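Encoded as structure tokens, the structure appears first; notes follow it.
Values quoted throughout were computed directly from the atomic coordinates according to the rules given, and no laboratory measurement underlies them. Computed from a prediction, not measured in an experiment: that's the story for all the values here. FYI the Cβ positions are ideal-geometry reconstructions off the backbone, even for glycines, and counts take in every protein chain you see.
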Amino acid sequence: MRIWCCLCFIDDEEDDNQPISTMKEGFLANVDDFEGKIVNGDDDDRGEAAEVSAVATTDAAAVPTSRTSQLAPTPNRQRQGDETMLLFEEMVTAMRNGNWDDAMWRPLRCLRPSEGETSASASSAMEDCDHHDSHHKRAKVYSFLHENTPSSFADRNYSMNQGSSILPNNGIFYHNFMLNNGGDGHSFDANVGKDEDDEGGMRTEDFEIRMDLTDDLLHMVFSFLDHHNLCHAAMVCRQWRVASAHEEFWRCLNFENKNISLEQFEDMCQRYPNATEVNLSGTPNIHLLVMKAVSSLRNLEALTLGEGQLGEAFFHALSECSMLRSLDVNGSILGNGIQEIPINHDRLRDLKVTKCRVMRISIRCPQLRNLSLKRSNMAQAALNCPLLQLLDISSCHKLTDAAIRSAVTSCPQLESLDMSNCSCVSDDTLREIAQTCANLHVLNASYCPNISLESVRLHMLTVLKLDNCEGITSASVAAIAHSSMLEELELDNCHMLTSVSLDLPRLKKIRLVHCRKFADLNVQCFMLSSITVSNCAALHRINISSNSLQKLALQKQENLTMLVLQCQCLQEVDLTDCASLTNSICNVFSDGGGCPMLKSLVLDNCESLTAVQFTSTSLVSLSLVGCRAITSLDLACPCLEKICLDGCDHLETASFCPAALRSLNLGICPKLNTLSINAPSMVSLELKGCGVLSEASIHCPLLTSLDASFCSQLKDDCLSATTASCPLIESLILMSCPSIGSDGLYSLRWLPNLTTLDLSYTFLTNLQPVFESCLKLKVLKLQACKYLADSSLEPLYKEGALRELRELDLSYGTLCQSAIEELLAYCTHLTHVSLNGCINMHDLNWGSTSVQHFESLSLPNTSSMFSIEDINEPVEQANRLLQNLNCVGCPNIRKVLIPPAARCFHLSSVNLSLSANLKEVDLACYNLSFLNLSNCCSLEVLRLGCPRLTSLFLQSCNIEEEAVETAISQCGMLETLDVRFCPKIYSMSMGRLRAVCPSLKRIFSSLSPA
């Protein structure tokens, strides 16, 4: 097989005129290894394109003679490709002799035949690549594939990764090989202009891979790259290097925290003189670098500096950057730290001098709009900025009250002022600011202990923040009330504040957090949409009027006793841990109480509530978790869909009339004695544990599940009324309801869809009402019904009652052995049977009863092992449908025999654990997959004819090892075996067990030594 791969850069205008030269048969046939390389120089003067040709060969002896004749070169082909072949031979010889550096690299002539031409007529050569314009180079791959007949190399598929290295002159060195065989068994001929489909030939277009990116497209792709990735892209090829160096990508020069030298930065400034943004934060020699930037980049618009010392010369040179719009200096030392620093610029609009060390600063910028001096330690700031709109002097601790007054009043157009943490500011300064700055809208005076605002009038203010202001009192709030335009107010941690009374038409947001003495809140603001009041220990009265408030959270207001709301749009209220709220709160949230659109109400842990009564047409969700004092609950909420009563363990009376509840759990209310429910949408009701419930009126026409377990006081009349009003009940659990008798069970005839009935732990003596009323019953549980007579189940197996019954649970009952045997023999429609703890069951022997019941069957009963032939015999009688048999903890059972005659073809799980006297188990069940004999300490005989058994548990069984080996030898699908704490099975026996049953995957053993 021969593979020719040529990767070259050619001009767009020559794409249609470049014929492809072919190669001779046997050319470089003995080359064992060859690497093609692409070298892209960095020198623009050379201007030459990189061209690479790679040749890979396999053993020429594998090529048949018929194929060789097709590949034999013609004289014309030999003359046309002679120069190229000689060049390749020189390179390969040099490489094999170890003199690769001496090999001569000459531009290769990449020839491609035109459409309809033969290789013999393809004689025009490509022009010298040294004269090509690198901006128009396109990478193309031409692959000429010569394949031979199938051989040992037919399945070979090579893919070599590309590598790269950096040459000393920053040139980029790449090599890339892709060797692939076609696998179709046909050769490729150079006469690509002819149709050779009948000979299996392929055209050149099938092997040409174009990688053609125009300059515009490449520019668009590179516009998404950052500088780091642009540098990587520049190492791919010359076209990419030129494209990545476009000045549009380098208008922002970011050298933050980079160790760049002055020479490198100067070179970058020369390369990109039109850069508009420069970031030099964290660079060494920042003063020298920024001076170079100021002097070289005449179009500079944004400059970011930091973490260094800036001399006075820099600030004098700023005026030379006429285009500068933004200057950011952070964490720097300005000048020598004791002199005044002037910043004069006619076009500067944004200036930040933050966390800087400077004694005095003078700013004269007539166009400046935003100024931040945050956390700078200057003692004086002289401002001459007539158009300044935003000023931030927060945390400037050394600025005196007079300095602040002088700086702020010199800016008459100021709209936003942040003077937080300026401890020297006083009310006098604020009054003068209010008179001078008529357009001031935003004021942050947090952490200013000397202000009280009592005599300050800020009429145009919209945002006021006064957090942690020790001087703010109720008189201050009276002064704030004159700010009719105020929209946002913050008063967190104002410990001297006792009351807030505001009537502001535009107020939208108010915060009052951790105000220790705050006791009274009265807000009449109809545009108020957000209120945050938290951890105000003394607060006891709240009065809010708003037409925009939708959510109110007043958590942990332990002393809140009075709440008045007139909020037409309020939808969510959270009063968690408001322990002092009384029953009067119910009037606030009922119809007519001022919250007509309320949907969600949370009153968790409101421990003073005793009687809750809501009448609301809008309430959807109510939470009363942890309200332990509630004894009465009356809800008339037709839209109520969710209620949480966890922890309401003293509730005695509950009424939900009407309600839209779909499910309700009252089992957590053990003292509930009276219940009334009218819920047209309810489908599930749980009363489990309501032991004193005696009166229940349940009107839920869609109810499908009712759990009344342990409702010991529930009587027949209550059950009859419930069945009459809830005809769709499918599951009814009356476990431990001893007051239910025959009259109540007869009322079950009103439940035509009843499929599950649980009468466990009751005192029933007669099941005839169940057999007559529950005709569609599928699940019947009679656990521990010890008063049932042995004949009570005779209608099941003698009269054919409950033909749809599938699951029967008689655990812990007193039925005799004969009754159990007849039940299992004749009720073949049962799928799940539980006989756990039945003390009167001695043996489970289905041998004789099966023969009597299936007299028409002639299956042998002499062997206990399962026979495959028995499965294949035609079934004339109905098989047992039993799938699951549980006989856990039956103390008197000694033998379990289920032969093939029992026809338990569906039995998949048998659990006989904790049967201490069980000695013999003989099972022949074809589909049995799970068998549990754990803690059957008397087990001696185990015979299994269960080919599909996957799990066998013999934990703590005193059975012999040989019996186990014999039993599992007939279980070809056994995967899990548990023999832990079996004293007669030792750790060295595990190998024999695996040998007997190769399908075993897991053996659980206590590894007892022999």
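Using amide H atoms built 1.01 Å from N in the peptide plane, name the residues 5+ places from HIS441, or on other chains, whose amide H lies under 5 Å from its own.
SER416
Which entries of LYS355/LYS508; LYS776/LYS895; LYS919/LYS1001; LYS398/LYS465; LYS688/LYS919 have Cα-Cα distances beyond 31 Å here? Please report the intermediate quantities before stating the final value.
Values: LYS355/LYS508 34 Å; LYS776/LYS895 35 Å; LYS919/LYS1001 28 Å; LYS398/LYS465 22 Å; LYS688/LYS919 41 Å.
From LYS355/LYS508; LYS776/LYS895; LYS919/LYS1001; LYS398/LYS465; LYS688/LYS919, over 31 Å: LYS355/LYS508; LYS776/LYS895; LYS688/LYS919.
In whole Hz, with x marking every Gly and Pro, tabulate ³J(HN,Hα) for the range 415-432 from phi via Karplus 6.51 cos²θ - 1.76 cosθ + 1.60, θ = phi - 60°.
10, 9, 9, 10, 10, 5, 6, 9, 5, 8, 5, 10, 5, 4, 4, 5, 5, 5
With r defined as the distance between the Cβ atoms of SER818 and ASP649 and R0 fixed at 45 Å, what FRET efficiency is calculated, to the nearest 0.05? Spell out each step's value before the answer.
Numbers: r = 48 Å, r/R0 = 1.07.
Given R0 = 45 Å and the Cβ-Cβ separation, E is 0.40.
Please give the FRET efficiency for SER362 paired with MET527, using the beta carbon to beta carbon distance and R0 = 30 Å, rounded to the nearest 0.05. Walk me through the numbers before you get to the answer.
Details: r = 43 Å, r/R0 = 1.45.
Once rounded, the FRET efficiency stands at 0.10.
Please work out the Cα center distance from the range 299-376 to the range 694-768, rounded to the nearest Å.
85 Å
Kindly flag which residue pairs out of LYS374/LYS509; LYS599/LYS715; LYS517/LYS599; LYS374/LYS517 have an alpha-carbon separation exceeding 29 Å in this structure. Numbers along the way, then the final one.
Details: LYS374/LYS509 26 Å; LYS599/LYS715 37 Å; LYS517/LYS599 32 Å; LYS374/LYS517 32 Å.
Checking Cα-Cα distances, LYS599/LYS715; LYS517/LYS599; LYS374/LYS517 exceed 29 Å.
Rounded if a/c is under 1.5, else prolate if a/b beats b/c, else oblate: with a ≥ b ≥ c from the C-alpha gyration tensor eigenvalues square-rooted, which is the range 619-728? Mind dumping the intermediate values first?
Details: a/c = 1.82, a/b = 1.10, b/c = 1.65.
Note, shape of the range 619-728 comes out oblate.
What residues from the range 741-775 fall in the zone where the backbone N is under 19 Å from a label point 7 Å along the Cα-to-C-beta line of TYR787?
741-748, 758-771
Taking the Cβ of each residue in LEU213, LEU417 as the centre, tally the other Cβ atoms inside 10 Å and list the residues starting with the fewest. Intermediate results must be reported in sequence, preceding the final value.
On the way: LEU213 16, LEU417 23.
Exposure proxy ranking, most exposed first: LEU213, LEU417.
In nm, to one decimal, how far is the modelled label at ASN257 from the one at ILE839, with both set 7 Å along Cα→Cβ?
7.9 nm
Any idea how far the Cα center of the range 960-991 sits from the one of the range 615-660, in Å?
59 Å
Determine, from the Cβ-Cβ distance of GLN309 and ASN439 and an R0 of 35 Å, the FRET efficiency 1/(1 + (r/R0)^6), rounded to the nearest 0.05.
Numbers: r = 38 Å, r/R0 = 1.08.
In this case the efficiency is close to 0.40.
To one decimal place, what Kirkwood hydrodynamic radius in Å is obtained for the range 403-537 from all pairs of distinct Cα atoms?
Details: mean 1/r = 0.0678 Å⁻¹.
With all distinct Cα pairs of the range 403-537 included, I get 14.7 Å.
Of the trypsin sites (Lys or Arg not before Pro) in the range 371-421, which ones lie in a loop per DSSP and count no more than 16 other C-beta atoms within 10 Å?
Values: sites: LYS374, ARG375, LYS398, ARG405; in loops: LYS374, ARG375, LYS398.
Answer by residue number: LYS398.
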